[in-house]
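Enquirer: Mind looking over this structure? Questions follow.
The values are calculated or read from the model by the stated rules, or taken from the named source; none is laboratory data. As the structure is a prediction and not an experimental result, all values here were calculated from the model. Here the Cβ positions follow ideal geometry from the backbone for every residue, glycine too, while neighbour counts run over all protein chains shown.
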Amino acid sequence: MVKCVKSQNGSSLIEVMVALFVLAIGMLGVLAMQTRAIQMNQNSAQYSQATTLAADIYEAMLTSPSSPGSYTINFDDAIPAAPACTASTSECSPSQIAAWNKHHWLTNVQNLLPGGEGQIEASGDKEYVISIRFVTGYDKDTDEPVYEQVDLDVRI
């Protein structure tokens, strides 16, 4: 009597393929998590930069409390030209100092933040809202920029 022995060939190869597939899915998960962490780190840096810039213009407003109203500006306004009185031999009026501060502040907002824009609104008697908005991405459907905004409520 002859015994016929049947054995399974290739089952270990299938197990290796399944293990590699599971490993590949895990690596894709780690890659997605790392990508998201980098994006959140960049957003955090942008928020920090916007907060620092808002504090900078607030400190400039505090240096000339007699004319804080000359610091108001809207998002749509053009960057004011820097006044010519910045040379050490000439003196600037408070409104010229405000124009110089706004010029440098808005230039920094545009240069340091993607799509950066700044606004200073009067919200009451000696109360102002300093707003900075910047682009954090683009809408998938319309390809329009998505803005985030940092507001700082201050009193002079």
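Enquirer: Residue by residue through the stretch 108-156, note down the ones that are under 13 Å from residue 49 (Cα atoms) and either aromatic (Phe, Trp, Tyr) or more than 16 Å from the chain's Cα centre (by Cα) (or both).
Expert: Of everything in the stretch 108-156, just one residue is under 13 Å from residue 49 (Cα atoms) and either aromatic (Phe, Trp, Tyr) or more than 16 Å from the chain's Cα centre (by Cα) (or both), namely 134.
Enquirer: Ok, one more. Quick check on this structure: which one of 44, 95 is at pLDDT below 90 and of a type in the set (Gly, Ala, Ser)? Step through it out loud before you land on a result.
Expert: Values: 44 fails: at pLDDT below 90.
Step by step, each of 44, 95 is checked, and only 95 is at pLDDT below 90 and of a type in the set (Gly, Ala, Ser).
Enquirer: Let me ask something else about it. What are the residues in the stretch 124-156 that are closer than 17 Å to residue 106 by Cα and crowded, with 17+ Cβ neighbours inside 10 Å, if any?
Expert: Scanning the stretch 124-156 gives 128, 130, 131, 132, 133, 134, 150, 152.
Enquirer: Okay, next question. Here is a list of conditions, (1) in contact with a Gly (Cβ under 8 Å, 6 or more places away or on another chain); (2) of a type outside the set (Ser, Thr, Tyr); (3) surrounded by 19 or more Cβ atoms within 10 Å (Cβ to Cβ); (4) closer than 23 Å to residue 39 by Cα, and residue 110 meets all of them except one; can you say which number that is?
Expert: The one condition residue 110 does not meet is (3).
Enquirer: Right, something else. Which residue, of 92, 85, is part of a loop (DSSP other than H, G, I, E, B), over 13 Å from residue 71 (Cβ atoms) and in contact with a Ser or Thr (Cβ under 8 Å, 6 or more places away or on another chain)? First the steps, then the outcome.
Expert: Details: 85 fails: part of a loop (DSSP other than H, G, I, E, B).
Just a single option satisfies the conditions, and that option is 92.
Enquirer: So in the stretch 68-79, with the set limited to residues that are surrounded by 15 or more Cβ atoms within 10 Å (Cβ to Cβ) and in contact with a Ser or Thr (Cβ under 8 Å, 6 or more places away or on another chain), which one is farthest from residue 128 (Cα to Cα)?
Expert: Checked the stretch 68-79; the qualifying residue farthest from residue 128 (Cα to Cα) is 79.
Enquirer: Would you call residue 150 in a helix (DSSP H, G or I) and not charged (D, E, K, R)?
Expert: So residue 150 does not fit the description; no.
Enquirer: Could you give every pair whose Cβ atoms fall below 9 Å, whose first residue belongs to the stretch 56-84 and is touching a residue at least 40 places away in the same chain (Cβ under 8 Å), and whose second residue is among the acidic types (Asp, Glu), counting only separations of at least 6 or pairs across chains?
Expert: From the stretch 56-84, the pairs are 72/121; 73/121; 74/121; 75/117.
Enquirer: Another question, then. Which residue, of 54, 82, 99, 60, is more than 23 Å from residue 150 (Cα to Cα), hydrophobic (A, V, I, L, M, F, W, C) and surrounded by 14 or more Cβ atoms within 10 Å (Cβ to Cβ)?
Expert: Answer to the check: 82.
Enquirer: What is the one condition in (1) in contact (Cβ under 8 Å) with a residue 24 or more places away in the chain; (2) closer than 20 Å to residue 39 by Cβ; (3) aliphatic (A, V, I, L, M) that residue 135 does not satisfy?
Expert: (1)
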